Amino acid sequence: TVWGTSFRLFDAVSLNLLENSFENEKATNFSIMPSGNLASLNVFAEPETISLFEFPKGNKISSIELGNEKGNNIATFIFSADGETIYLASNRYVYSNGLNSYQGHKNKIVKVTYKNGLLQKSTIQYKEVEGATAIEQLLLSKDERTLLGIDAFGGMRWWNTESGNEIIPDANKTDVAIPLKILRGTNTFISGDNKSNLNIYDFATKMIVGSIKGNGGTPAVLVLIPDSKFLLSGNKDRSVSLWDLSKNEFVASMVFFGEKDWVIVDKAGRFDGTEPGMHKMYYTKGLTILPLESGFEQFYTPNLLPRILGNENFTPPVVDINTIKDAPVVKISLAEQQRNLSVEDDTPAYNSDKETATLKVKADCPLDAVTEIRLYQNGKLVQTTRNFTVEDDKNGEKSLTKTFTVNLIAGVNNFKAIAFNTQRTESRADAITINYKSLNIPDKPDYASTTLHLLIIGINAYKNPKYTLNYAKADATSFKEQMEKPNDLFGNVKVHFITDADATKINIENTFKEIIKDCKAKDVFLFYYAGHGVMSTEEKSKDFYIVPYDVLQLYGADDALTQKGISARELQEFSKNIPAQKQLFILDACQSAGALEAISMRGAAEEKAIAQLARSTGTHWLTASGSEQFATEFSQLGHGVFTYVLLQGLKGGITNDKKIITINELKAYLEAQVPELTKKYKGTAQYPASYGLGNDFPVEIVK
């Protein structure tokens, strides 16, 4: 509702605005009756009224005047369990000298009955009681014999619903916040306090019988999740807290930014959220402030909220959020003297007429040690001190300086450097810009000299026949045919197409090496894989793998998977070594029915592995589904649904004025269309996942 102006009715699933007859009704409050109808209060015109509407159509059923005494204000109301009785808190301002001296309120409870389609004012009207503040919320005991009212400052008033008499003459002042909720099946209710805690009260004794310590936000509204042990509190600082009532503990906080961006952080420090949302959140330790993403490797947890609500028993993070060590401090500079052009946003900008530049990165971590330095160029990883195929010595050095020689592209080259400590906590980035003044810089993008390098793999027939797939090869073939069509984005398209028995680890690795030699920084690299994807099972070597033709066992043989599979770390190394600064990886990876024995929540582990891969390389990744959410195939479509939607988008399903399809537009299209199509054909929605920190770029032109 827009307070005091009109109602708005939305579909809870699609969030679409629905038409209704009460759209223009003015009201201060509304509530759904147990019968399913909607009641509202109108206090903007005298006399005051309460109205009842048919829900959700909006036709008015009944309306009743409650009084016309000047200064009255009905703040809230509550239904009995059968919906036949409504209790309303009416608060009247009290002045001692006209309108000049405000003294407080006279609080009165009005009882309204609803029978035979009519609202009727009860013969019982509760006595007026003077108080400094108005009653703002009401609550009924389980037996409905006791009514509780709370004023704005936490004062409690108790009434007997049969006699209308106040049980405790004077307000019971407590440190209670306004939101109240009855706990199902009990004679207790729960309320927040002004110290961010939840308190559980007993209606009989009117005393606190339990408390749950909070985490910072003062509750302003409480919502019990249906058929669940969890409660949500909307807090005055605009955060939302999640509470587990079965364990009497605070679980997590959620913060929202605008209409789309959000972050959830649990009490152990795990987090999930949208990329823009994560950019706005920080860890604090004393006077040290670090971006939330500094703990990405240790604490990022995909699908954190549904996993909490699903009662997952999380393994404690390797790092204790309360004893996290200081991150390194990084400084990037030119190792050679070049002319300083300007300083913009504290980022030095340099001018160079050379094709290469030598950069010096110094990382200091006096209270711990530096274990890795990474260098990014225009968002893409180009250098690192860590060997991704062998676990490094984690002792590190308190101070580490590395020199990197990099190839420049014509125009602007934005470099940033980050470093990690022994706990894999990431530093703040330091940045530098080099403008390469090549004589060959075109006035506009030179698509004619840009090559699209395609590595496309599709495996239907595995060496172990129980892993055979139906549409992987067809998906890969159709994708190849679509992408190799001539368009004005690329002067040349080089295709590497590997299927079935040819898709061995050695062949795939050799193809990557060929592309590394042939590719240039201004080119575009696109990797497409349709086949099995799997997480290894051993905790020490856990990683995501794409599964070549000759892998004979998906689970329980990690040594063989390491030898013949291609891990996320290896893909990371290939991505780093491919010069193209624009890279897209597409995984239509699924499981066979034999993979149902996968350990719980492996899908979430796979999502995290791919998210880390995208983030570490500065590239874009589109994935069909996690390990436990099988990539869906439909005979009606002739393709797996993910690739079917992908092809439809590339063929013109994505429409815009420029008719140029970019990575981010492709992501949005997949995220919108795949769930709809899977729900239509399968009855259960499948949700693709996309990750990427690299710059957006076009991949197709719609003719």
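Results, tabulated for the structure shown:
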| read-out | value |
| --- | --- |
| Listed residue pairs exceeding 18 Å between alpha carbons, taken from Lys520/Lys582; Lys380/Lys480; Lys280/Lys582; Lys362/Lys398 | Lys380/Lys480; Lys280/Lys582 |
| Per-residue SASA entry for Asp82, accessible area with 1.4 Å probe, Å² rounded to 10 | 100 Å² |
| Relative packing of 233-242, 411-420, which averages over residues the other C-beta atoms within 10 Å, highest first | 411-420, 233-242 |
| With every protein chain in place, segment 289-337: carbon and sulfur % of accessible area (1.4 Å) | 53 percent |
| Packing rank of 302-308, 500-506, 471-477, where each peptide gets the mean count of other beta carbons within 10 Å, highest leading | 471-477, 302-308, 500-506 |
| When segment 266-342 is reduced to its Cα atoms, the Kirkwood hydrodynamic radius in Å | 15.1 Å |
| Ordering of 605-615, 215-225 by burial proxy (mean other Cβ atoms within 10 Å per residue, highest first) | 605-615, 215-225 |
| In Å², nearest 10: area of Val251 left accessible to a 1.4 Å probe | 20 Å² |
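The values are calculated or read from the model by the stated rules, or taken from the named source; none is laboratory data. No experiment lies behind these values; they were computed from the predicted model shown. All Cβ positions, even for glycine, are placed from backbone atoms using ideal geometry, and neighbour counts span all protein chains on display. In case anyone asks, the SASA skips ligands and DNA or RNA and just uses the protein heavy atoms, side chains included. Shrake-Rupley method; radii C 1.70, N 1.55, O 1.52, S 1.80 Å.
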